[in-house]
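Q: Handing you a structure now.
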Amino acid sequence: MQRAKLQVMRLTSKAADRIKDIMATSQKQAVGLRIGVKNGGCAGMEYTIDYAENAEPLDEIVEEHGVRLFIEPKAVLFLLGTEMDYEIDKLSSGFVFNNPNQTSACGCGESVEIQPVSRAQLEAYAKNESALGGS
């Protein structure tokens, strides 16, 4: 019996629309966006977004609302359960990661502290995805 695959991230329709706009005006031959995390900033980690010119063998692929995200393997346990949104306010606009694994953020909003999911959280998430009919 094959185990159901968890969807690492979800996208709002606003985020998907913005990604479509970015992809349509890109000079690169990208197949989607690559999402990851890296060490940096005053809180310890930063989200990364870049063009994905191809799929890497261990990428987790999220396809939703007509766009494709390639999640870097080392980021999966930090991003599990995250919703990617796009927000516009009076002074700024940008992608926002609503991440249940984020424990704090720096005052400037450029970096975050993220804990990887534990085995118990992973099992609970998988059970919930199965109950909801997740892929």
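Q: Can you tell me which condition SER104 does not meet? The list is (1) without any contact (Cβ under 8 Å) to a residue 60 or more places away in the chain; (2) polar (S, T, N, Q); (3) not in a loop (DSSP other than H, G, I, E, B), and all the others hold.
A: (1)
Q: Follow-up. Exactly one of (1) closer than 15 Å to ALA15 by Cβ; (2) touching a helix residue (DSSP H, G or I) at 6+ places or on another chain (Cβ under 8 Å) is unmet by GLU60. Its number?
A: Checking GLU60 against (1) closer than 15 Å to ALA15 by Cβ; (2) touching a helix residue (DSSP H, G or I) at 6+ places or on another chain (Cβ under 8 Å), the one that fails is (1).
Q: In region 35-61, how many residues are over 17 Å from ILE22 (Cα atoms), touching a Leu at 6+ places or on another chain (Cβ under 9 Å) and of a type in the set (A, V, I, L, M, F, W, C)?
A: Matching residues across region 35-61 total 2.
Q: While we're on this one: Can you list the strands (runs of 3 or more DSSP E) lying wholly within region 24-88 that have 3 or more residues being touching a Gly at 6+ places or on another chain (Cβ under 7 Å)? Show your work before the answer.
A: Working: elements: 32-40, 44-52, 60-64, 67-71, 82-88.
Once the strands (runs of 3 or more DSSP E) in region 24-88 are filtered for at least 3 residues that are touching a Gly at 6+ places or on another chain (Cβ under 7 Å), what remains is 44-52, 67-71.
Q: Against the conditions (1) farther than 16 Å from PHE95 by Cβ; (2) surrounded by fewer than 15 Cβ atoms within 10 Å (Cβ to Cβ), where does ALA43 fall short? Just the number, please.
A: For ALA43, the exception is condition (2).
Q: How many residues, within region 3-58, are of a type in the set (Lys, Arg) and touching a residue at least 40 places away in the same chain (Cβ under 8 Å)?
A: Taking region 3-58 as the starting set, the residues that turn out to be of a type in the set (Lys, Arg) are 3, 5, 10, 14, 18, 20, 28, 34, 38.
Add one more test, that the residue is touching a residue at least 40 places away in the same chain (Cβ under 8 Å), and what stays is 5, 10, 14, 18, 20.
Residues in region 3-58 being of a type in the set (Lys, Arg) and touching a residue at least 40 places away in the same chain (Cβ under 8 Å): 5 in total.
Q: Right, here's the next one. Which one is farthest from VAL8 (Cα to Cα), of the residues in region 63-94 that are of a type in the set (A, V, I, L, M, F, W, C) and surrounded by fewer than 16 Cβ atoms within 10 Å (Cβ to Cβ)? Full working, then the answer.
A: Residues of region 63-94 of a type in the set (A, V, I, L, M, F, W, C): 67, 69-71, 75-80, 84, 88, 91.
Applying the additional criterion that residues be surrounded by fewer than 16 Cβ atoms within 10 Å (Cβ to Cβ) yields 88, 91.
Working: ILE88: 25, LEU91: 30 Å.
It comes out as LEU91.
Q: Would you point out the residue of region 89-99, among those that are not aliphatic (A, V, I, L, M) and not in a strand (DSSP E or B), that is nearest to ALA126 (Cα to Cα)?
A: Of the residues in region 89-99, the ones not aliphatic (A, V, I, L, M) are 89-90, 92-95, 97-99.
Subsequent filtering for residues that are not in a strand (DSSP E or B) retains 89-90, 92, 99.
Working: ASP89: 35, LYS90: 38, SER92: 35, ASN99: 17 Å.
My answer is ASN99.
Q: Does SER118 fit the bill of being modelled with pLDDT under 95, of a type outside the set (Phe, Trp, Tyr), over 14 Å from GLY36 (Cα atoms) and touching a strand residue (DSSP E or B) at 6+ places or on another chain (Cβ under 9 Å)? Walk me through it before giving the result.
A: On the way: modelled with pLDDT under 95: yes; of a type outside the set (Phe, Trp, Tyr): yes; over 14 Å from GLY36 (Cα atoms): yes; touching a strand residue (DSSP E or B) at 6+ places or on another chain (Cβ under 9 Å): no.
Criteria not met by SER118.
Q: I've got another one for you. I'd like to check something: does region 39-56 contain any residue that is over 12 Å from the mean Cα position of the chain (by Cα), over 17 Å from MET9 (Cβ atoms), among the small types (Gly, Ala, Ser) and at pLDDT 90 or above?
A: no
The values are calculated or read from the model by the stated rules, or taken from the named source; none is laboratory data. Keep in mind that what you see is a predicted model, and the values were worked out from it rather than measured. Cβ sites come from the backbone with ideal geometry, for glycine too, and all protein chains shown count toward neighbours.
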